[in-house]
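> Sending over a structure as structure tokens; questions will come in a sec.
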Amino acid sequence: MSRPIRRDLLIGATVFVFVPTAAHAYVDPGSAGFVITSVLGALAAGGYIIRGYLSRLKRRVFHGDRKAVADRDGSDSTDARPEDGSAQG
Amino acid sequence: MLRADGGSFKDPAGQVYRVMRDTGEASIVRGLNPSAAGIVGNLLAEPFFQDLVDGGQVVATRLIQPELPNARHVMKEGWSAAVEHEAVNFVTWPYEWPFSMLKDAALLQLQILETGARNGWLLKDATSFNVQWMGVRPVFIDIPSFVPWEEGEYWRGYRQFCATFLTPLLLTAHLGIPFQPLLRSRLEGIPPEEASRYFRGLGRFKRGVLSHVWFPAKAERAALRSAGPRGRQPKTMLFALWDSLRRLIVGLSSGPARSTWSRYAQNHSYDAADFERKKDFVLRHTAARGPGLTWDLGANTGTFARIAAEYSGMVVAVDADHDAVDWFYREVRQSGPRNVIPLVMDLANLSPGQGWAGRERPAFDARRNPDMALCLALAHHLRVAANIPLRLFIGWLRSLDATCILEFVGRDDEMFQTLLENKREHYADYTAENFESEVRRCFSVRDRLKLKGGLRELFLLEPADGR
């Protein structure tokens with residue numbers, strides 16, 4: 001290998017090892033957001049869906065017989081959020 | 001006169017201005033570019049948005065007719081349209097809030113996200129700086145953050161929400177680390193990589209940490225090595241994520257109060273009769289003046305802030321004791337008065353001007369001067385514990401250009417003696433004579449009241465050159 005080629009290789013290796021990859025300084029740390037929210041959303045979705053079914057079932061069972069009371073009171077029982085069960089992280 | 005808000009420049013969709021009226025009050029007007037004007041116009045017509053405004057969760061906003069002066073002033077700056085927002089009495093920053101205020105602000109953010117999404121709108125930002133306080137009521141203020149939600153779009157604000165809301169709450173709730181100094185120095189919040197270093201060993205298994213600190217930290221490190229994938233997310237996943245965040249935050253607490261009752265005892269070094277006379281002094285002079293804005297500096301558990309609130313437009317109650325401030329917030333949130341904003345701040349180290357050019361987040365004493373300032377059982381703490389000379393403290397008080405009720409705690413008072421324990425310095429300048437001399441350099445003494453047999457004295461002060 002000729003001396004100029006060895007010199008170029010040495011310079012290139014030095015730059016590769018000691019100079020930070022330019023991309024790191026320009027990559028938005030939020031670029032992982034889609035993966036993060038997808039994983040966390042998927043993990044949360046199971047419990048969310050189950051709580052939603054249980055919430056609607058509970059309303060049907062316990063409030064369905066009291067529809068007359070609800071109508072009289074003018075209360076709105078259409079809250080779509082699943083009721084809080086035991087706290088989960 | 002039009003003045004651009006120093007903190008409103010990052011969003012190219014618009015710019016907030018203060019339009020000064022002849023009365024000295026300011027209208028808050030936002031200029032919008034053509035795209036934002038169309039979106040905001042549609043948003044203001046949405047019933048869900050009006051419901052949020054009527055419920056006090058979102059700042060009242062109206063489109064200004066282009067021919068009106070406020071709109072003309074702003075549109076001359078190159079904007080296509082202008083909206084006016086209800087003004088916040090006193091701007092505060094998340095690093096000044098106690099734990100429970102940041103928690104309630106986070107829950108508000110999630111509530112608005114969920115409500116908006118059910119109606120086809122998403123918030124593109126999720127920073128705690130988008131929430132302000134109308135007394136004890138948190139209110140969302142960043143209207144241009146609402147954007148039409150495209151089906152399948154993922155929640156881009158998740159990282160910001162964690163950095164500025166959730167992670168600070170987790171650090172305090174799980175590790176007892178106050179989040180205020182961290183947020184003060186990191187306006188963009190605490191990133192997951194940094195947060196993960198606090199939760200070591202079994203700490204990473206505390207509620208919410210694996211999901212929202214450890215995992216995002218790992219994922220972001222991986223993202224630096226290769227571009228993150230993109231795709232569509234079903235709506236259910238987002239609602240599930242927000243629901244899980246809400247339930248996590250509801251379950252967080254800053255732990256039992258460690259100092260409240262000890263400070264309560266400290267306040268009550270008075271006997272009952274003297275304490276009533278002190279309260280009466282504050283009540284009489286606050287009622288006589290009806291200040292628009294009162295600062296209670298060294299408010300502790302808010303005894304005198306409550307009195308001032310009855311006769312003031314708004315009271316900002318500041319103390320360095322987080323537990324006392326957090327307790328006070330939870331009390332007034334539940335049973336009033338509602339025109340109080342409790343803040344955590346070391347009065348020897350007030351919030352400075354921060355952000356770009358030091359003006360993006362103005363300093364505490366650069367936002368709006370109070371009409372009245374209560375400094376009860378404060379001066380001796382600043383002199384002894386913080387080594388602030390009397391002349392500097394009283395000079396700073398004078399710079400507020402406010403009526404002050406100032407309490408002098410004498411050297412023979414047992415609380416002053418307690419402060420002197422283990423101190424070598426004798427604070428020779430801290431005498432009744434020197435105190436009054438410094439006060440009279442800057443103020444006129446309008447009333448005074450000796451308490452505890454002369455060990456303490458209250459002064460009612462007006463700025464020396466009159467108002």
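> Given the condition more than 9 Å from chain A (Cβ to nearest Cβ), within 24 Å of the chain's Cα centre (by Cα), open to solvent by 50 Å² or more (accessible area, probe 1.4 Å) and at pLDDT below 95, answer yes or no: does some residue in region B:263-277 qualify?
yes
> Here's a follow-up. Does region B:152-164 contain at least one residue that is in a loop (DSSP other than H, G, I, E, B), hydroxyl-bearing (S, T, Y) and under 13 Å from B:A126 (Cβ atoms)? If you could, list the steps in order and put the result at the bottom.
Pass one, region B:152-164, residues in a loop (DSSP other than H, G, I, E, B): B:152-157.
Filter once more, keeping what is hydroxyl-bearing (S, T, Y): B:154.
Retained after the next criterion (residues that are under 13 Å from B:A126 (Cβ atoms)): B:154.
Within region B:152-164 (the criterion being in a loop (DSSP other than H, G, I, E, B), hydroxyl-bearing (S, T, Y) and under 13 Å from B:A126 (Cβ atoms)), the answer is yes, since at least one residue qualifies.
> Right, next: Could you list, in sequence order, the residues of region B:327-355 that are farther than 24 Å from B:H380 by Cα and open to solvent by less than 30 Å² (accessible area, probe 1.4 Å)?
B:Y329, B:V332, B:G336, B:V340, B:I341 - these are the residues of region B:327-355 that are farther than 24 Å from B:H380 by Cα and open to solvent by less than 30 Å² (accessible area, probe 1.4 Å).
> Have a look at B:D142, B:D125 and point out the one that is open to solvent by 10 Å² or more (accessible area, probe 1.4 Å), of a type in the set (D, E, K, R) and away from chain A (no Cβ under 14 Å).
Numbers: B:D125 fails: away from chain A (no Cβ under 14 Å).
So the residue among B:D142, B:D125 that is open to solvent by 10 Å² or more (accessible area, probe 1.4 Å), of a type in the set (D, E, K, R) and away from chain A (no Cβ under 14 Å) is B:D142.
> Which condition number does B:V439 fail, the rest of (1) open to solvent by 20 Å² or more (accessible area, probe 1.4 Å); (2) in a helix (DSSP H, G or I) being met?
All conditions pass for B:V439, except number (1).
> Out of region B:356-368, which residues are open to solvent by less than 60 Å² (accessible area, probe 1.4 Å) and among the basic types (K, R)?
Hits for region B:356-368 are B:R361, B:R367.
> I'd like the full set of residues that are farther than 12 Å from B:L187 by Cα and either touching a residue at least 40 places away in the same chain (Cβ under 8 Å) or in contact with a helix residue (DSSP H, G or I) (Cβ under 8 Å, 6 or more places away or on another chain) (or both), limited to region B:354-368.
Of everything in region B:354-368, those that are farther than 12 Å from B:L187 by Cα and either touching a residue at least 40 places away in the same chain (Cβ under 8 Å) or in contact with a helix residue (DSSP H, G or I) (Cβ under 8 Å, 6 or more places away or on another chain) (or both) turn out to be B:A357, B:R359, B:P362, B:F364, B:D365, B:R367, B:R368.
> Also, quick follow-up: Could you go through region B:130-138 and let me know if any residue there is open to solvent by 10 Å² or more (accessible area, probe 1.4 Å) and either at pLDDT below 95 or touching a helix residue (DSSP H, G or I) at 6+ places or on another chain (Cβ under 6 Å) (or both).
So in region B:130-138, the residues open to solvent by 10 Å² or more (accessible area, probe 1.4 Å) come out as B:130, B:134, B:137-138.
If we keep only those that are either at pLDDT below 95 or touching a helix residue (DSSP H, G or I) at 6+ places or on another chain (Cβ under 6 Å) (or both) as well, we get B:138.
Yes, region B:130-138 contains a residue that is open to solvent by 10 Å² or more (accessible area, probe 1.4 Å) and either at pLDDT below 95 or touching a helix residue (DSSP H, G or I) at 6+ places or on another chain (Cβ under 6 Å) (or both).
> Return only the number of the condition from (1) within 18 Å of B:S128 (Cβ to Cβ); (2) at pLDDT below 95; (3) not charged (D, E, K, R) that B:A227 does not satisfy.
Failing condition for B:A227: (1).
> Ok, one more. Being assigned to a strand (DSSP E or B) and open to solvent by less than 10 Å² (accessible area, probe 1.4 Å) is the filter here, so list the residues in region B:109-122 that pass it.
From region B:109-122, those assigned to a strand (DSSP E or B) are B:121-122; that's our starting set.
The one that is assigned to a strand (DSSP E or B) and open to solvent by less than 10 Å² (accessible area, probe 1.4 Å): B:L122.
> Filtering region A:18-77 down to residues that are open to solvent by 50 Å² or more (accessible area, probe 1.4 Å), among the hydroxyl-bearing types (S, T, Y) and assigned to a helix (DSSP H, G or I), which residue is modelled with the highest pLDDT?
Checking each candidate, the answer is A:Y53.
> Just to be sure, is B:L458 touching a Phe, Trp or Tyr at 6+ places or on another chain (Cβ under 7 Å), assigned to a strand (DSSP E or B), open to solvent by less than 20 Å² (accessible area, probe 1.4 Å) and not β-branched (V, I, T)? It would help to see each step written out before you state the result.
Details: touching a Phe, Trp or Tyr at 6+ places or on another chain (Cβ under 7 Å): yes; assigned to a strand (DSSP E or B): yes; open to solvent by less than 20 Å² (accessible area, probe 1.4 Å): yes; not β-branched (V, I, T): yes.
For B:L458, the condition - touching a Phe, Trp or Tyr at 6+ places or on another chain (Cβ under 7 Å), assigned to a strand (DSSP E or B), open to solvent by less than 20 Å² (accessible area, probe 1.4 Å) and not β-branched (V, I, T) - is met.
> While we're looking at this one, here's another question. In region B:147-164, what residues are modelled with pLDDT of 95 or more, open to solvent by less than 20 Å² (accessible area, probe 1.4 Å) and in contact with a Gly (Cβ under 8 Å, 6 or more places away or on another chain)?
Correct list: B:Y158, B:C162, B:A163, B:T164.
The values are calculated or read from the model by the stated rules, or taken from the named source; none is laboratory data. All values derive from a computational prediction rather than experimental measurement. Note: ideal-geometry Cβ built from the backbone for every residue, glycine included; neighbour counts use all protein chains shown. Please note that ligands, DNA and RNA were not included when accessible areas were found on the heavy atoms of the full protein model with its side chains. Shrake-Rupley method; radii C 1.70, N 1.55, O 1.52, S 1.80 Å.
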